[in-house]
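The values are calculated or read from the model by the stated rules, or taken from the named source; none is laboratory data. Keep in mind that what you see is a predicted model, and the values were worked out from it rather than measured. Quick reminder, even Gly has a Cβ in these numbers, built from the backbone with ideal geometry, and neighbours come from all protein chains shown.
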Amino acid sequence: MPTPHKTAVLLVEDDERDRKMLHGALRDKYKVEVAVDFTQAKEKIAKSEFDLAFLDLMLPRRQGEKIDESGKFGLDLIRIIREQEPLTPIVVISGLASVKTAMKVLQEGIVDFIVKDDIEDQLPVIMRRADLIRQGRVEQLILRHESRSPEEGQKLVFKSEAMQQVMNQVATMALKETSVLILGETGTGKEVVAREIHARSPRAMSPFVAVNCGAFPESLIESELFGHEKDAFTGASKRKLGLIELANQGTLFLDEIADLPVNLQVKLLRVLQERTFRRIGSEKELPVNIRVISATNKDLKSEIAAGRFREDLFYRLAVARLDLPPLRARTDDIEILAGHFIEKYSPGSELQLSPKLVRILKSHAWPGNVRELENVIQRMLMNPIERGKELQSADVNGYLDDSTQHRVVVDSELFDLFQIEKLAIVRAMERFGTQVEARKRLGISESQLRRKIKEFGFEPNRAPKISAQNKRKSPQTEWHTKLLRPAGKSTEYTTQEAMAALGGVSRKTAVKHLNKLTEAGELDRVSRGNYRRLTAKK
């Protein structure tokens, strides 16, 4: 659970009686720092961090000097706090509740304007309002950063057993406070899973801050993570709060953690060990309470061996480890994911996927995983399609990478080359049904496929889709009977003989029917224009 934090309050009041009264109302519940003039308040703001500021507008420059009744010093303090502590709510206290003065300070963006005599009655309401405003400002800063995150708003969609196992692990990890390392290929949804862990955790009501460690140049990533003080380096015109600070009490998600420069890995390790950090340009250690979830698509053990990643940081980050399966290993999810993306990009269209298109999508290797599938669906929907119609296989033409769409996936734990080749051919025959389609998907020639079938010793009752019991039955039509007649007792004949047997049809028509018998497994194309019967005619 996040550690309770005692609210730090700055009280700026020159009048001793009023100062004691206000301090007495605040000190029991809050950590209060007191300043009696403009100069002292300015010094405290520069040295310390405050969650809330109470200040009188009418202050002397220094204690003992004349009070400036125009409120100039008070307004200057408001602007200093706004610049150096942008998250800090400000409450102006005054003995004179003039409308003119109230309007002037409200324009500076303060929380409230209160009269000193009523502070005890108003304090609970003021503190609740100030806390909400501070939280809102943190969320605004996070949202500015989150606008660069494509995973914001995504949700997990699945039905596969592989993803159900992942979600079981997520449910367990969410209740722990340990660091989590998520491993998986690009586009598998690592950030979506990280958000799910956060949403189920005790920190769910606190910030979730995501940063891609590979998205920033080395010169900027330190400032992005740790923040900086004004004038810490050239161009640092004001204080900036880093993402580590914004994630306080919540979850910090470090995507592409392997890309974090080694010098910053040392600083991150210190944050994890000591629970403190320093802004660039500051000597002050600031406490922070965050849960870190990190992710990468790289092999961190190899990165450690190459000297690009610290081993001690790896063990800090990988207390719990979660491996996400690639999309090709969870093909049962492809159809419902596609439906989810259709509804996302074309709500209410009631579009469906044709069975053939589903088969094509499931046979694709998806090197870009879920992100690639989303992109393909989005591009398909750019074409005009009638409401309630089916998306057809032709709609995906040109959207799948030709270098990957014909791959056949085999067991990733299988290392025997003979068995890998055999399994690939068997699965291709099972999935695509014919030798012609299978060899296309395998990327080999007809003769190569025949040799492999012979080499692996497929028997008629064992080879899927090419066995006597599993092969598609040849159409028992007149042309079928005529076409097999030319061979007589011989098992071989030519295209010309087939043309004659079919009554002098064109070569194109004869080849069309010969190809049908070849796909059905009754004929084998020996060479151009020459065929052999695979099963002897009785």
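Residues that are in contact (Cβ under 8 Å) with a residue 60 or more places away in the chain and out of contact with any Asp or Glu (no Cβ under 9 Å at 6 or more places or on another chain) were ranked within the stretch 187-206; the one that is nearest to residue 322 (Cα to Cα) is 193. Among the numbered criteria (1) more than 21 Å from residue 201 (Cα to Cα); (2) touching a strand residue (DSSP E or B) at 6+ places or on another chain (Cβ under 9 Å); (3) polar (S, T, N, Q), which one does residue 273 miss? With respect to (1) more than 21 Å from residue 201 (Cα to Cα); (2) touching a strand residue (DSSP E or B) at 6+ places or on another chain (Cβ under 9 Å); (3) polar (S, T, N, Q), residue 273 is out only on (2).
Just to verify a result, which residue in the stretch 221-279, among those that are small (Gly, Ala, Ser) and without any contact (Cβ under 8 Å) to a residue 24 or more places away in the chain, is farthest from residue 47 (Cα to Cα)? Filtering the stretch 221-279 for residues that are small (Gly, Ala, Ser) and without any contact (Cβ under 8 Å) to a residue 24 or more places away in the chain, the one farthest from residue 47 (Cα to Cα) comes out as 235.
Just one residue in the set 234, 186 is under 15 Å from the mean Cα position of the chain (by Cα), assigned to a loop (DSSP other than H, G, I, E, B) and not aliphatic (A, V, I, L, M); that residue is 186.
Just checking, how many residues over the stretch 43-61 are over 26 Å from residue 229 (Cα atoms) and not acidic (Asp, Glu)? Explain how you work it out, then say what you get.
Taking the stretch 43-61 and keeping what is over 26 Å from residue 229 (Cα atoms), we get 56-60.
Filter once more, so that each one left must be not acidic (Asp, Glu): 57-60.
Number satisfying all stated conditions: 4.
Of all the residues that make up the stretch 507-532, how many are at pLDDT below 75 and over 20 Å from residue 439 (Cβ atoms)? Of the residues in that region, 0 qualify.
At least 1 residues being modelled with pLDDT under 95 and surrounded by fewer than 18 Cβ atoms within 10 Å (Cβ to Cβ) is the threshold, and among the helices (runs of 4 or more DSSP H) wholly inside the stretch 258-333 those reaching it are 262-274, 300-305.
Restricting attention to the stretch 147-166, the residues being loosely packed, with under 14 Cβ neighbours inside 10 Å and modelled with pLDDT of 90 or more number 4. The set of residues in the stretch 447-473 being under 19 Å from residue 516 (Cβ atoms), at pLDDT below 80 and within 45 Å of the chain's Cα centre (by Cα) consists of 465, 466, 470, 471, 472. Of the candidates 33, 43, 13, the single residue that is touching a Phe, Trp or Tyr at 6+ places or on another chain (Cβ under 8 Å) and under 21 Å from residue 279 (Cβ atoms) is 33.
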